[in-house]
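Written out below as structure tokens is the structure these notes cover.
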Amino acid sequence: MSFQINKLYYGDYGESKNGAADISTNQTNTAEWPLWEVFIRSKQGLDHKHAGSLHAADAAMAIENARDVYTRRMEGVSIWVVESKYIHASNPDEAGSLYDPANDKAYRHPTFYHLPEEVKYM
Amino acid sequence: MATMKNEIDFLLHLADNALIIGHRNSEWCGHGPILEQDIAITNIALDYIGQARNFYQHAAELINQHPIGIDITQSGKDIVLPATEDSLAYLRDVREFKNLLITEIPNGDWAHTTLRLFLLSEFELQLFTQLLQHTDAQVAAIAEKSIKELSYHVKWSQDWVLRLGDGTEESKQRMQAAIEAIWAYTGELFIQPEYATAACLNYAAIQTAWNKKVTAVFEEAGLHIPSKTFVQKGGADGMHTEHLGYILAEMQYLQRAYPNSEW
């Protein structure tokens, strides 16, 4: 009896075989540039948010491409890029066992505390 | 008045450079080697069209303020008055355009396109840095805005010269072929046009800085400067290659066939 173990990466879902994510992860298609994920921090934001993905030959080109593709309308003041193959994602088939158990545990929300009168603006 | 004519001619020279290189780069729109680079070069084209507009608008303003005695055309015809950015871009003929020849030669392959942009934008970066000291505050302001864009154009195009020059055997051969083809058009960059009389200009200093930068990048990329030194020149005085006419025919057709049409 043999099992096939598939390692899942971000972007694998919904991609056809040998689509962008496969090219990024299996390193066999050298004619295509790898896929990169782009994170942009906006002027107001403190955190980098996922903006999308793109192709580039290396990290320097990925940052330049991200500047041209994702900051054309003054969206950002800082860019992070990471090659997509380094992002590991949860398996959507396991969504039930991963997330549903939290459904009936409302006591985890911080809504059961009695706030003293003196504390305002909470 | 001679000084004013010189300034207007110089503004048109800068505007024409930006318009024609912007048009050439825009020809890649939808044809880039990969989506991300297609967007990159189209952004650069838009930067240049923006610079062209700024210079044309300022030139038009000066022309309209001083129309008497100003004959800004090479062919002796007076410009259409009142001048606007559109009339200057769309209603002047080939001989009246003052752009450098390097801006009008065809794109060729990606190596030709990126090398031309590197050689031109590094020159413009040096030139515009001098223009920050221009006595006309508007020119200095346009230069300041453009320098931010040009710095990126230099960085982006320089990366490509390094990538292709220091890449595969074929990419190196293509970049070297681009250098052989374009080098003859670089001499004109440093010939100071007669109308470039602003006190802040020093073309010899531009050439020194440009040589230093280009030599360093070529050395890092393993490319070499051609030994032949023939210089193609005349664009700044309205003597163009056969290519400019085709660009203008395409660019100006609509305004000439249907004057003042808008959409």
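The values are calculated or read from the model by the stated rules, or taken from the named source; none is laboratory data. Every value quoted in this text rests on a predicted model; they were computed, and no experiment measured them. Positions of Cβ are backbone-derived with ideal geometry, glycine not excepted, and every protein chain shown enters the neighbour counts.
Just to be sure, is B:ALA141 within 17 Å of B:LEU11 (Cβ to Cβ), in a helix (DSSP H, G or I) and at pLDDT 95 or above?
For B:ALA141, the condition - within 17 Å of B:LEU11 (Cβ to Cβ), in a helix (DSSP H, G or I) and at pLDDT 95 or above - is met.
Any residue at all in segment B:110-133 that is of a type in the set (S, T, N, Q), farther than 18 Å from B:THR42 by Cα and touching a His at 6+ places or on another chain (Cβ under 7 Å)?
no
Can you tell me which residues in segment B:14-39 are within 14 Å of chain A (Cβ to nearest Cβ) and hydroxyl-bearing (Ser, Thr, Tyr)?
Scanning segment B:14-39 gives no hits.
Give me the pairs, please: first residue somewhere in segment B:97-122 and over 23 Å from B:LYS212 (Cβ atoms), second residue anywhere and of a type in the set (Asp, Glu) and surrounded by 24 or more Cβ atoms within 10 Å (Cβ to Cβ), beta-carbon distance under 7 Å, and either six or more positions apart or on two chains.
As it stands, the answer is B:PHE97/B:ASP16; B:LYS98/B:ASP16; B:ASN99/B:ASP16, since those pairs meet every condition given.
Return only the number of the condition from (1) surrounded by fewer than 15 Cβ atoms within 10 Å (Cβ to Cβ); (2) more than 14 Å from chain A (Cβ to nearest Cβ) that B:ALA236 does not satisfy.
(1)
Starting from residues that are more than 30 Å from B:GLU194 (Cβ to Cβ) and among the β-branched types (Val, Ile, Thr), keep the ones in segment B:1-43 and report whichever is surrounded by the most Cβ atoms within 10 Å (Cβ to Cβ).
Residues of segment B:1-43 more than 30 Å from B:GLU194 (Cβ to Cβ): B:26-43.
Of the ones still in play, those that are also among the β-branched types (Val, Ile, Thr) are B:34, B:39, B:41-42.
On the way: B:ILE34: 15, B:ILE39: 18, B:ILE41: 28, B:THR42: 18.
Only one residue fits best here, namely B:ILE41.
Going by the conditions given, is B:LYS228 of a type in the set (Lys, Arg) and surrounded by 15 or more Cβ atoms within 10 Å (Cβ to Cβ)?
Considered against the rule, which asks whether it is of a type in the set (Lys, Arg) and surrounded by 15 or more Cβ atoms within 10 Å (Cβ to Cβ), B:LYS228 comes out as no.
Among the listed residues A:ALA51, A:ALA89, identify the single one that is modelled with pLDDT under 90 and more than 20 Å from B:ARG163 (Cα to Cα).
That would be A:ALA89, the only listed residue that is modelled with pLDDT under 90 and more than 20 Å from B:ARG163 (Cα to Cα).
Condition check: under 17 Å from B:ILE20 (Cβ atoms) and within 14 Å of chain A (Cβ to nearest Cβ). Does B:SER146 satisfy that?
Answer is no for this residue.
Out of everything in segment B:240-263 that is part of a loop (DSSP other than H, G, I, E, B) and touching a residue at least 24 places away in the same chain (Cβ under 8 Å), what residue ends up being surrounded by the most Cβ atoms within 10 Å (Cβ to Cβ)?
Step by step, filter segment B:240-263, then rank; the result is B:HIS240.
Name the one entry in B:VAL154, B:VAL161 that is within 14 Å of chain A (Cβ to nearest Cβ), hydrophobic (A, V, I, L, M, F, W, C) and within 18 Å of the chain's Cα centre (by Cα).
B:VAL154
Please list, ordered by first then second residue, the pairs with beta carbon atoms under 6 Å, 6 or more apart or interchain, first in segment A:46-72 and more than 7 Å from chain B (Cβ to nearest Cβ), second among the hydrophobic types (A, V, I, L, M, F, W, C) and assigned to a loop (DSSP other than H, G, I, E, B).
Here the result reads A:ALA57/A:TRP33; A:ALA62/A:ALA56, each pair linking segment A:46-72 to a residue that is among the hydrophobic types (A, V, I, L, M, F, W, C) and assigned to a loop (DSSP other than H, G, I, E, B).
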